[in-house]
Amino acid sequence: MAKKVTLTRFIIEQQRDLPGVSGTFTLLLNDIVKACKQISHLVNRGDLIGVLGSADSENVQGEVQKKLDIITNDIMVDALSWTGHLAGMASEEVDGIIRIPKHYPKGKYLALFDPLDGSSNIDVNLTVGTIFSILRCNATEPTLEDFMQPGTHQVCAGFVLYGPSTMLILTTGHGVNGFTLDQDIGEFILTHPAMAIPPDSKEFAINMSNQRYWEPPVQRYIAECQQGEEGVRGKNFNMRWIASLVAEVFRILTRGGVFLYPLDLRDPNKPAKLRLMYEANPMAFIVEQAGGACSTGRERILEIKPGGLHQRVPLVLGSKNEVDRITAYHLEAK
Ligand code: AHG
Ligand code: MN
Ligand code: MN
């Protein structure tokens, strides 16, 4: 029987090859994974334990929160505060920096997370997930500036998919590996080693209902995909839209494709939807490590100097040749 490589074994074996990655990092990752296992259990039990539905409250994003948005946020904060690995945290569901309580030791990392991505899907039993990003921090009392690091500074990025199976997708800058939760033993098992995104694709993901608000380069790209083999692309395309970034990115990691949540001319105060620090940056790190590309349409996501914890950015990611084409259309249209 083929040997089952657990996440713990994989990280320890990889850590031996990673200069400067201490055992602390491995322990931090284990703490995050333990929290996500708890979240997986709650998501899987859903209405049996009354965790679905709206919390009738709004988060800092001005979005109505689901009960599970709050519950999962609390699980992440409670699981990571006491460990002594973190100097601070940031969450989609919390306005400012989440400080480590004084009675706990501090560490040299920052954890930023979207505790429940795609939460509009939770009440209709579709795939959701948790996205996390790890940065280094030398300050014991981090300020906002300590969090404002470009995505290229990430030590680690990952997401957990709560779908037909619970999966962890992870990068520490040495490729992307996927692990499936073996519910019988409670361990994540390496099932998708060295994930790679094909450079070409015939599948795009975009919320077509926003089409009237897109800029011309995006209008042009999508129209050419819709023209299929009779058009300039000379091939037919398929479309997907799951409204869960984690599910779209896993599909793209598995079979290629391109995902767009572009600049939207509807509301000048909110030109983009997805958040840089805990959605775009971790996904960009993962996608680039798998040979894909990730851009705003005009610049590489990972090189953006952040301006705030909840800064929104346009997001185009996936098969490199498709992302490069979309970026070229933006630069041509300057
Ligand atoms: P979140 O649930 O954390 O707010 O994220 C939802 C995001 C992302 O997961 C998804 O790709 C996108 O919002 C869907 O947006 P629409 O509902 O506008 O299609
Ligand atoms: Mn999200
Ligand atoms: Mn969320």
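The values are calculated or read from the model by the stated rules, or taken from the named source; none is laboratory data. In this text, all values refer to a predicted model and were calculated from it rather than measured experimentally. Here Cβ is always computed from backbone atoms with ideal geometry, including for glycine, and neighbour counts include all displayed protein chains. The protein model used for the area step is the full one, side chains on, heavy atoms only, and it has no ligands, DNA or RNA in it. Shrake-Rupley method; radii C 1.70, N 1.55, O 1.52, S 1.80 Å.
Would a scan of the range 73-81 turn up a residue that is at pLDDT 95 or above, within 13 Å of ligand 2 (Cβ to nearest atom) and open to solvent by less than 40 Å² (accessible area, probe 1.4 Å)?
Within the range 73-81, one or more residues are at pLDDT 95 or above, within 13 Å of ligand 2 (Cβ to nearest atom) and open to solvent by less than 40 Å² (accessible area, probe 1.4 Å).
Please verify whether Ala243 is at positive phi, among the hydrophobic types (A, V, I, L, M, F, W, C) and touching a residue at least 12 places away in the same chain (Cβ under 8 Å), treating the condition exactly as stated.
For Ala243, the condition - at positive phi, among the hydrophobic types (A, V, I, L, M, F, W, C) and touching a residue at least 12 places away in the same chain (Cβ under 8 Å) - is met.
Any residue in the range 31-51 that is closer than 21 Å to Tyr109 by Cα and open to solvent by 60 Å² or more (accessible area, probe 1.4 Å)?
yes
Quick check on this structure: which one of Phe179, Phe132 is modelled with pLDDT of 95 or more, away from ligand 2 (no atom under 16 Å from the Cβ) and among the aromatic types (Phe, Trp, Tyr)?
Sole residue among the options that is modelled with pLDDT of 95 or more, away from ligand 2 (no atom under 16 Å from the Cβ) and among the aromatic types (Phe, Trp, Tyr): Phe179.
Restricting attention to the range 108-129, which residues are within 20 Å of Asn281 (Cβ to Cβ), away from ligand 2 (no atom under 14 Å from the Cβ) and either among the polar types (S, T, N, Q) or in a loop (DSSP other than H, G, I, E, B) (or both)?
The answer is Lys108, and nothing else.
Determine if the range 194-207 includes at least one residue that is closer than 28 Å to Asp17 by Cα and in a strand (DSSP E or B).
Within the range 194-207, not a single residue is closer than 28 Å to Asp17 by Cα and in a strand (DSSP E or B).
Taking only the range 62-93 into account, find how many residues are assigned to a helix (DSSP H, G or I), out of contact with any strand residue (DSSP E or B) (no Cβ under 7 Å at 6 or more places or on another chain) and either acidic (Asp, Glu) or not assigned by TED's automatic domain parsing to the domain that holds Gln38 (or both).
Final tally of qualifying residues: 2.
Taking the condition touching a Phe, Trp or Tyr at 6+ places or on another chain (Cβ under 6 Å), hydrophobic (A, V, I, L, M, F, W, C) and closer than 30 Å to Ala35 by Cβ, does Ala205 pass?
yes
Which residues, taken from the range 14-30, are modelled with pLDDT under 85, open to solvent by 40 Å² or more (accessible area, probe 1.4 Å) and part of a helix (DSSP H, G or I)?
Across the range 14-30, the qualifying residues are Gln15, Thr24.
Looking at (1) buried (at least 17 other Cβ atoms within 10 Å of the Cβ); (2) at pLDDT 95 or above; (3) touching a Ser or Thr at 6+ places or on another chain (Cβ under 9 Å), can you tell me which one Asp200 breaks?
Single failed check for Asp200: (1).
Mind checking which residues of the range 94-128 are more than 10 Å from ligand 1 (Cβ to nearest atom) and at positive phi?
Scanning the range 94-128 gives a single hit, Asn125.
Wholly within the range 241-328, which strands (runs of 3 or more DSSP E) include no fewer than the required count, namely at least 1 residues that are open to solvent by less than 20 Å² (accessible area, probe 1.4 Å) and within 16 Å of ligand 3 (Cβ to nearest atom)?
The qualifying strands (runs of 3 or more DSSP E) are 315-318.
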